[in-house]
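S.K.: Mind having a look at this structure? Questions to follow.
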Amino acid sequence: MTISLKNARGSGAIPMIPFTEDYQIDIPVLEKELEFICASHVGNICTPVMVSEFMTLSEEERRLLIRIPVEISDGKIPVIANAASTNIHIAVSYAQYAEKIGADAIISMAPWCGDSNKSGIITYFRTLASHTSLPVMIQNIGLPGVSLTVDEILELCASVPNISWVKQEVAPGPLSIDELNQRKTPNLEGIMSGFGGAYTPLDFANGATATIQACELCDVTQKVWNLFFEGKEREARKLHRQILPALQAELLYGTAFAKEIMVRRGIFKNTLMRNKSTYFSASSMHEINCLWDEIEPLLITKL
């Protein structure tokens, strides 16, 4: 039985992909990463998306990155499976596979190359949703020719019953969430945010129920959300301010930074990436060392 995304509140943890020295997926490390995520009692697991380097994965690897999280979470944490593809037929196959093995929802951005006109994008989401009974979340990213307007989102939600959630990532993040939330109808069940969790206080105030972000600090970011949910705004803001420089560093350095923190947490063995070098300059490494000294005392989950 699927878990409602209304219960997927707080930190939406994206697993990064650990690689062996020959750039194959390191499955034992991936399993350890997912055990860490589950032990952090996050709101949901979203996989495999941008931070997961999903565009570098084969179709078989992408299915692996859905199956293993579903198995390890074992029905305790909702899993949002990414179906995004430039090819609607492949996207449908990912969605149907995810539903078959027990995922709780589907997420997809619009096709990012080829025919990216608005009618093609609308048709893509309609077709994807028609081939699964799971809730479909629109990942509305701020790329030229790809992002949807509020009117277009609400029209999709009104006309396609299982398109009912949005990850709103159109800049300026919290303000675009507020704009969407102000217009929200019963057909749009909820909104989640991105931008690495840098704007969590505003995201919460503007109606988001979760932030989908890299998992390296998911135990702490979940605590921030929990404090907001408990009405402890001052404590939530204080903890968020304490980790904000690290969240900003992730926005600056990307997945490489997230993997570096996972190495320091004893979960990853390296920071290898398929799509780019992970070299840090001396000044960047000094900054990361300083940030680590600040955030290490705040970490909660130990493996």
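Taken together, the values in this text are just the output of simple stated rules run on the coordinates, not laboratory data. On a predicted model such as this, the values are computed, not experimentally measured, just so you know. No Cβ is skipped: glycine too gets one built from the backbone with ideal geometry, and neighbour counts run over all protein chains shown.
S.K.: So how do 144-153, 28-37, 68-77, 276-285 stack up, highest first, on mean other-Cβ count within 10 Å?
M.R.: Going from most to least packed, we get 28-37, 68-77, 144-153, 276-285.
S.K.: Any chance you could give the angle, 0 to 90 degrees and rounded to 10, that helix 218-229 forms with the longest Cα principal axis of the chain?
M.R.: 60 degrees
S.K.: Any idea how far apart residue 162 and residue 205 come out in nm if each label point goes 7 Å out from Cα toward Cβ?
M.R.: 3.7 nm
S.K.: So who's got an amide H within less than 5 Å of the one on residue 163, skipping anything under 5 residues away but keeping other chains? H placed 1.01 Å off N, in plane.
M.R.: 136
S.K.: Counting DSSP beta bridges with both partners in the chain, what percentage is antiparallel, nearest 5?
M.R.: 5 percent
S.K.: If each residue of separation counts as 0.36 nm, what is the full-extension length gain between residue 171 and residue 58 once their alpha-carbon separation is subtracted? Please report the intermediate quantities before stating the final value.
M.R.: Details: separation 113, 0.36 × 113 = 40.68 nm, distance 3.01 nm.
Answer, rounded to one decimal: 37.7 nm.
S.K.: Given a Förster radius of 51 Å and the C-beta distance between residue 292 and residue 130 as r, what FRET efficiency does 1/(1 + (r/R0)^6) yield to the nearest 0.05?
M.R.: 0.60
S.K.: Which GluC sites (Glu not before Pro) in segment 225-266 sit in a loop by DSSP (not H, G, I, E or B) and have at most 10 other Cβ atoms within 10 Å of their own Cβ?
M.R.: Filter output for segment 225-266: 230.
S.K.: Where does helix 150-159 land angle-wise versus the long Cα axis of the chain, in degrees 0 to 90, nearest 10?
M.R.: 60 degrees
S.K.: When the Karplus curve 6.51 cos²θ - 1.76 cosθ + 1.60 is applied with θ = phi - 60°, which whole-Hz ³J(HN,Hα) does each residue of segment 231-241 get, with x for Gly and Pro?
M.R.: x, 9, 4, 4, 5, 4, 5, 5, 5, 4, 4
S.K.: I've got another one for you. Which distance in nm do the two modelled labels at residue 232 and residue 4 give, with both placed 7 Å along the Cα-to-Cβ direction?
M.R.: 2.6 nm
S.K.: Hey, what did segment 14-69 get for relative contact order, percent, Cα under 8 Å, at least 6 apart? Could you put the intermediate results ahead of the total?
M.R.: Details: 44 pairs, mean separation 22.5, N = 56.
About 40 percent, as a whole number.
S.K.: Moving on. Please compute the net charge surrounding residue 265, taking Lys and Arg as +1 and Asp and Glu as -1 over other residues with Cβ under 15 Å from its Cβ.
M.R.: With Lys, Arg at +1 and Asp, Glu at -1, the net is -4.
S.K.: Per residue of segment 286-291, what does 6.51 cos²θ - 1.76 cosθ + 1.60 with θ = phi - 60° give for ³J(HN,Hα)? Whole Hz please, x for Gly and Pro, Karplus curve as stated.
M.R.: 4, 4, 5, 4, 5, 5
S.K.: For the chain, with only Lys/Arg (+1) and Asp/Glu (-1) charged at the beta-carbon, what is the dipole magnitude about the Cα centre, in debye rounded to 20?
M.R.: 400 debye
S.K.: Now a separate question. How far apart, in nm, are the 7 Å Cα→Cβ label points at residue 183 and residue 302?
M.R.: Label at residue 183, label at residue 302, 5.0 nm between them.
S.K.: Let me ask another. Would you give the gap between the C-alpha center of segment 164-204 and the C-alpha center of segment 37-56, rounded to a whole Å?
M.R.: After rounding, the separation between the Cα centres reads 19 Å.
S.K.: Report, in deg cm²/dmol and to the nearest 500, the calculated mean residue ellipticity at 222 nm for the chain, where each DSSP H run with n ≥ 4 adds -39500 (n - 2.57) and the sum is divided by the residue count.
M.R.: The per-residue figure over the chain is -14500 deg cm²/dmol.
S.K.: Sort 86, 47, 185, 301 by Cβ crowding within 10 Å, fewest neighbours at the top. Provide the component values of the computation, followed by the final result.
M.R.: Values: 86 15, 47 31, 185 9, 301 18.
Listing 86, 47, 185, 301 from fewest to most nearby Cβ atoms yields 185, 86, 301, 47.
S.K.: Something else now. Relative to the longest principal axis of the C-alpha atoms of the chain, give the angle of the C-alpha long axis of helix 88-101, reported between 0 and 90° and rounded to the nearest 10°.
M.R.: Compared with the principal axis, the helix lies near 70 degrees.
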